[in-house]
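J.: I'd like to ask you about the structure that follows.
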Amino acid sequence: MKQTLGVFNTDRVNRQGFRFDIAGLASMLNQSWRGSPSFISHDFHRLIGWTNALGLHIQAEEVRLMGRFTFPENQEEHQQMHEQAMLYLQERIGEVKPDLKRQLQDLLGQHLSGEHSFLIRECVSVIDDGIAKRTFPDLFPSDETDKRSLVDVRKLKCIGPGVFEYKGCALFAHRYFRRSLSQLNNLNDVFLAKLLELKDISELEIQIALDPNSVGLPNTYQMPIELQHWWGPRFNDDLTRIPTGVTRHEATERTRDFHGISHMEFWWHQQNDIQTLECEEVRTSRTFGTNFSADYEDDEMYGCRYVHSMVDSKTKLPYHLDGAIREYEETAYIDRLDQDISKSGKTSRYVKLWRVDGPVEINLWKELICHFYRDNELAGEYLGAEKDALAIETMPSQTPAVTANTIFPPRIASEFGVHAMVTYQPLNNYDPEVDCMMIALGAISFAAAQRLVMEYSALDYVKMLRESLEGEVQLSQNIAWICYDDMDINLPLLLLNGRHAVSNTNTALQILWDMCKSFTAQSEHRFITSNISIVASDRLVSISLAAFAKDFVTMLPQGMPKLPEEISDIEEWLTALHATMAKYLKDQVSPCSVEDLMRLNGCFFMSRSFLPESCKVQFNDAGEGTVEFPESETRVVEMISSKQWHLTPARLIYKALCSSCQCEYAACNCKVLITPSSTTVSVEDCELVGFAVTERSANCSAKS
């Protein structure tokens, strides 16, 4: 499986015009950290991967809900994920509470066929062929393929886009308003909301098709929120610019892959001496209009959206506009691919979905057409829409060669500030008898083996934890201590369990702040990452921090806020932390990137870049030396020659003595970084493992 991180949401105003505060983002995290399937364009029939809400990323500028994407890389992995997705959908939308089932059964009674199913959608619903038609025959006077089966929207009580209350029941816009024409998917709420707004224009007659196969409970209505951005077009009003005849617009590769659309055809012609437009999209993926099972594998059907309109020659305005689905069986669909729109459609199953009669302003006419074709930008492209400001470009992936280019050190901006991350993860194997465990996050390849390492500069932190925490602090086994001659410190992961876990976390956070205060007092420009994990009842709650020491002290002058006694109330701590950090927000400061620091599990860790073995290094006793680079790596040579980058040795420390107590420094209580004037360390036994590249050498930038 391939995994990557991404931003799921933020506390900024989104393109739909609303924002989520920390409480809202925390609620999303709480609901989705265990994971859910990811579908292309919110279509439950088009599985692409798995997503887990990972945690809340706090910085002064904004709060982000971060997530992890997992994608299958072969057929076996895809099948495994497909089975998990089906179980998830059954639990999420197929398991209706018994009392709600009884309410629907009481409402519908003898009209149920016995072949019905229950789903959780906009409302808790029953899906049963013809159930709405049998229950309310006055609304369904004919078959759904009859053009006269549309209903005047002014006769319906709307409780949401495409959802109507009628005689104590919820009725829905036709299922063909849903992606892939499927009962499983959400309605096209943007188009339906725009269509229903027209009822306030008295000159217009608006009709819509209702779904004969579903009925819901109106008191269970919840409006689905899709944060996918679908924009309305921005047009001029001159229809004369639109060419006559058949025009074909091909979809981009991205549109074909993500939205299942091959191309779209537009046909202007004279129908009974009336200027007429017909347009139809042609799909690459099947639809599910005659069934609603995500596992449906019977005969393939292709439902293509179709629009028909007529223009008044005197007013130059459209006076009729309707939308429908042309549904093709597989053989008819193959024939459709070989014909253009002027010769096709005769063999399709035609279902009209909506109709507007009366003078329609051209900009509104175009807007309705474009919203009906949600996820298909070809309609707007043809009708003259401006290009969206956030056009997406795809670039071919390239795997860089292992050259000196791979040694670029992580870039930490001077205005980085303080970054915090709170993540939820499943409880994996851990020793319930150990209350405090220090775990190595670093690893190096050395002597044909992988070694877990803790950084020697983190020893003072480990010692202070041992002195201050409730319970014994243990170190994970088989670790080595490594010393980097730079100004970065990755503190080991602190795993806390038991009744003192929260109070020990508060103590550890205070120790971190005290360390930063000491570094700041010494004018040491150190960058620090810290990770603490707390074993809660049903999850592992992790708190990760990254910042320059000075920023920790400046932006949190009173220290870290105290965690609540119940870790489940951590939302309060997040709010307090962000409020304190936001006080030091500078005007017009953009959030800094942490992509070089954040691991797939959400923890912060500064990974060093090492010189590849192909770069030969020679040093003398005075510390002077030479490095050989390929001639093509001019930028690397320039950065090192100008001392913007520094080569620093990395050594495994096997034995080092403390000058104050003459004991092994790793075992004594002295602290050289916190009290450098009174303590020094003499390295007695070490081994060089390589050279790291850094912007913050301990020898060149120890003082800020």
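The values are calculated or read from the model by the stated rules, or taken from the named source; none is laboratory data. The model shown is predicted, which means the values in this text are computed figures rather than measured ones. Backbone-built Cβ (ideal geometry, glycine too); neighbour counts: all protein chains shown.
J.: Can you tell me which of (1) surrounded by fewer than 17 Cβ atoms within 10 Å (Cβ to Cβ); (2) modelled with pLDDT under 85 is the one Ala385 doesn't meet?
T.: Of everything listed in (1) surrounded by fewer than 17 Cβ atoms within 10 Å (Cβ to Cβ); (2) modelled with pLDDT under 85, Ala385 misses just condition (1).
J.: I've got another one for you. Looking at the stretch 516-531, which of its residues are farther than 20 Å from Cys603 by Cα and either in contact (Cβ under 8 Å) with a residue 60 or more places away in the chain or under 33 Å from the mean Cα position of the chain (by Cα) (or both)?
T.: Scanning the stretch 516-531 gives Ser518, Phe519, Gln522, Ser523, Glu524, His525.
J.: In this structure, does His111 turn out to be touching a Pro at 6+ places or on another chain (Cβ under 9 Å), at pLDDT 90 or above and either closer than 18 Å to Ser214 by Cα or surrounded by 14 or more Cβ atoms within 10 Å (Cβ to Cβ) (or both)?
T.: Here the answer is no, as His111 does not meet what is asked.
J.: Between residues in the stretch 408-424 that are surrounded by 14 or more Cβ atoms within 10 Å (Cβ to Cβ) and residues that are assigned to a loop (DSSP other than H, G, I, E, B) and among the charged types (D, E, K, R), which pairs lie under 6 Å by C-beta distance while being six or more apart or on different chains?
T.: Going by the 6 Å Cβ cut-off, the qualifying pairs are Pro409/Glu695; Pro410/Asp596; Tyr424/Arg539.
J.: For the stretch 489-528, give me the residue count where each residue is buried (at least 22 other Cβ atoms within 10 Å of the Cβ), within 15 Å of Asp460 (Cβ to Cβ) and not hydrophobic (A, V, I, L, M, F, W, C).
T.: 3
J.: Anything in the stretch 1-28 that is buried (at least 18 other Cβ atoms within 10 Å of the Cβ) and over 28 Å from Phe71 (Cα atoms)? List them, or say none.
T.: Result: Ile22, single match.
J.: Does the stretch 6-28 include one or more residues that are under 28 Å from Asn428 (Cα atoms), touching a residue at least 12 places away in the same chain (Cβ under 8 Å) and touching a Lys or Arg at 6+ places or on another chain (Cβ under 7 Å)?
T.: Yes; the residues of the stretch 6-28 include at least one that is under 28 Å from Asn428 (Cα atoms), touching a residue at least 12 places away in the same chain (Cβ under 8 Å) and touching a Lys or Arg at 6+ places or on another chain (Cβ under 7 Å).
J.: Would you mind finding the one in Tyr328, Tyr350 that is in contact with a strand residue (DSSP E or B) (Cβ under 9 Å, 6 or more places away or on another chain), surrounded by fewer than 16 Cβ atoms within 10 Å (Cβ to Cβ) and at pLDDT 90 or above? Full working, then the answer.
T.: Numbers: Tyr328 fails: surrounded by fewer than 16 Cβ atoms within 10 Å (Cβ to Cβ).
None of the others qualify; the one that does is Tyr350.
J.: Can you pull out the residues in the stretch 538-563 that are within 18 Å of Ser27 (Cα to Cα) and either more than 31 Å from the chain's Cα centre (by Cα) or modelled with pLDDT under 90 (or both)?
T.: Scanning the stretch 538-563 gives a single hit, Asp538.
J.: Would you be able to tell me the number of residues in the stretch 657-704 that are of a type in the set (Gly, Ala, Ser) and in contact (Cβ under 8 Å) with a residue 40 or more places away in the chain?
T.: Here is the first cut: in the stretch 657-704, the ones of a type in the set (Gly, Ala, Ser) are 659-660, 666-667, 677-678, 682, 690, 692, 697-698, 701-702, 704.
Now narrow it down to the ones that are in contact (Cβ under 8 Å) with a residue 40 or more places away in the chain: 666, 690, 692, 697-698, 701-702, 704.
Qualifying residue count for the region: 8.
J.: Shifting gears a bit: Residue check: is Leu465 of a type in the set (A, V, I, L, M), surrounded by fewer than 23 Cβ atoms within 10 Å (Cβ to Cβ) and not in a strand (DSSP E or B)?
T.: yes
J.: Tell me, which strands (runs of 3 or more DSSP E) wholly within the stretch 172-281 include 3 or more residues that are surrounded by fewer than 18 Cβ atoms within 10 Å (Cβ to Cβ) and at pLDDT below 95?
T.: On the way: elements: 205-208, 214-216, 245-250, 261-271.
Answer list for the stretch 172-281: 245-250, 261-271.
J.: Any residue in the stretch 75-98 that is over 29 Å from the mean Cα position of the chain (by Cα) and not in a helix (DSSP H, G or I)?
T.: yes
J.: Another one. Kindly indicate the residue of the stretch 353-367 that is of a type in the set (A, V, I, L, M) and surrounded by 21 or more Cβ atoms within 10 Å (Cβ to Cβ) and also farthest from Asn185 (Cα to Cα) among those meeting that condition.
T.: Val360
J.: Being over 30 Å from Ser568 (Cα atoms), of a type in the set (Phe, Trp, Tyr) and in contact with a helix residue (DSSP H, G or I) (Cβ under 7 Å, 6 or more places away or on another chain): is that true of Phe44 here?
T.: Yes: the conditions hold for Phe44.
J.: While we're on this one: Considering only residues that are surrounded by fewer than 16 Cβ atoms within 10 Å (Cβ to Cβ) and among the hydrophobic types (A, V, I, L, M, F, W, C), look in the stretch 658-680 and name the one that is nearest to Arg466 (Cα to Cα).
T.: Ala667
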